[in-house]
Amino acid sequence: MKTQQPLPPPQLFSVAHFLDFGARYSIDYHFPGLGMTPAANAARTVMRGYVDELTLPSGIFATCSDLQVIEPWHSTSLGCAPLYILVVLEGNVQLNLNGKAWRIQSGMALATHLGEQQVLRACHQSDERLVTVSLALPAASAAAHPAIAAHVSAWQQLGPLTTAWPVASYVLSGLRQAQQCTTSPLARQLTLEGALLQLLGQQMQESATNNTNLRGERLRLEQVRIILETAPEQPHTLEALARTAAMSTASLRSKFRQAYGDSVFNYLRDCRLALARRYLLEGDSVQEAAWKAGYAHATNFATAFRRRYGIPPSDVHPVQ
């Protein structure tokens, strides 16, 4: 009879834990609520949950995590990786890659390469739950597995392009299974390896599609996304956005969801809430933050904010 071996029990992670992660994976962590000297707050608890690290037979480093954010934190990549893939199973991650904003929501993946000319920054707010799987091929292991090396080489010939896409349901199922109890560590490793190969196939297809359509439909959709991301406070209409994308409103609805994993106005709502949260952290009142983020009524804003973040906006205190 097989016995199940559970994942490590939830634990508390301190600043010191993340400084250790950063030293091993070439990532700079910053906790804005704790000042500019994280070492002075080494014992401070900043996260609760689990982080599990594995090296797969292909040479890929895999990190499975399920974390409840206690202290807001920012991260900046410092190392090189010819291939990096992030899959978000729950929550959403705000990313900035060389000045371009990306928001990866639940059920989506992002693939890119990291290096001196390609720096990835992430921002995580408090009271968020993040369930993610990240896969990275270190520069020194680029030829560790012939199939992976061939994939990376073919992908680089296309750009390489940074690509975000909705992950197929069967791949998500495998990744969620890997996050849970398994019959053995080996079974879990094999599940991740299989999901990785499926992700690589999807990523290659998305990169090829993006390369073909970059000057066409996908570029026009990206223009809409950037408008929503950079000016969420504006009174956007579906008709005006559809004109920007040079397509019908029905096409914009379906193609935007297919490209970014969410509807146009859900995406706009989350951008507005993120902007309002920033104003609250900067010291604005609830009514001021709501108005500056594009909400005509503070009550509607408060309802949406509580639904998104789990707390009322009045509970957000300015960062000193």
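Scan region 85-96 for residues that are open to solvent by 10 Å² or more (accessible area, probe 1.4 Å) and either among the charged types (D, E, K, R) or touching a residue at least 40 places away in the same chain (Cβ under 8 Å) (or both) and the total you get is 5. Residue-level analysis places residue 20 outside the set of residues that are open to solvent by 50 Å² or more (accessible area, probe 1.4 Å) and in contact with a Leu (Cβ under 6 Å, 6 or more places away or on another chain).
Go through the residues of region 307-318 one by one and say whether even a single one is open to solvent by 20 Å² or more (accessible area, probe 1.4 Å) and more than 26 Å from the chain's Cα centre (by Cα). Among the residues of region 307-318, at least one is open to solvent by 20 Å² or more (accessible area, probe 1.4 Å) and more than 26 Å from the chain's Cα centre (by Cα), which makes the answer yes.
Results for (1) of a type in the set (Val, Ile, Thr); (2) under 30 Å from residue 30 (Cβ atoms), shown as yes or no for each residue.
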{"residue": "226", "(1), (2)": "yes, yes"}
{"residue": "233", "(1), (2)": "no, yes"}
{"residue": "241", "(1), (2)": "no, no"}
{"residue": "257", "(1), (2)": "no, no"}
{"residue": "267", "(1), (2)": "no, yes"}
{"residue": "272", "(1), (2)": "no, yes"}
{"residue": "287", "(1), (2)": "no, no"}
{"residue": "306", "(1), (2)": "no, yes"}
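Residues in region 277-302 that are in contact with a helix residue (DSSP H, G or I) (Cβ under 8 Å, 6 or more places away or on another chain) and among the basic types (Lys, Arg): 277, 292. I'd like to know if region 285-294 contains one or more residues that are modelled with pLDDT of 90 or more, in a loop (DSSP other than H, G, I, E, B), open to solvent by less than 60 Å² (accessible area, probe 1.4 Å) and farther than 21 Å from residue 267 by Cβ. Among the residues of region 285-294, at least one is modelled with pLDDT of 90 or more, in a loop (DSSP other than H, G, I, E, B), open to solvent by less than 60 Å² (accessible area, probe 1.4 Å) and farther than 21 Å from residue 267 by Cβ, which makes the answer yes.
Can you name the residue in region 67-95 that is of a type outside the set (A, V, I, L, M) and within 10 Å of the chain's Cα centre (by Cα) and, of all such residues, is farthest from residue 34 (Cα to Cα)?
It comes out as 90.
The one condition from (1) under 27 Å from residue 167 (Cα atoms); (2) open to solvent by 40 Å² or more (accessible area, probe 1.4 Å) that residue 256 does not meet is (2). Of the listed requirements (1) open to solvent by 50 Å² or more (accessible area, probe 1.4 Å); (2) among the aromatic types (Phe, Trp, Tyr); (3) touching a His at 6+ places or on another chain (Cβ under 9 Å), residue 61 misses just one: (3). Among the residues of region 159-201, those identified as polar (S, T, N, Q), modelled with pLDDT of 75 or more and open to solvent by 40 Å² or more (accessible area, probe 1.4 Å) are 169, 173, 177, 189, 198.
The values are calculated or read from the model by the stated rules, or taken from the named source; none is laboratory data. Nothing here was measured: the structure is a model prediction, and the numbers come from that model. Neighbour counts run over all protein chains shown; Cβ positions are idealised from the backbone, glycine included. Quick note on the areas: whole protein, heavy atoms, side chains included, nothing else; ligands and nucleic acids left out. Shrake-Rupley method; radii C 1.70, N 1.55, O 1.52, S 1.80 Å.
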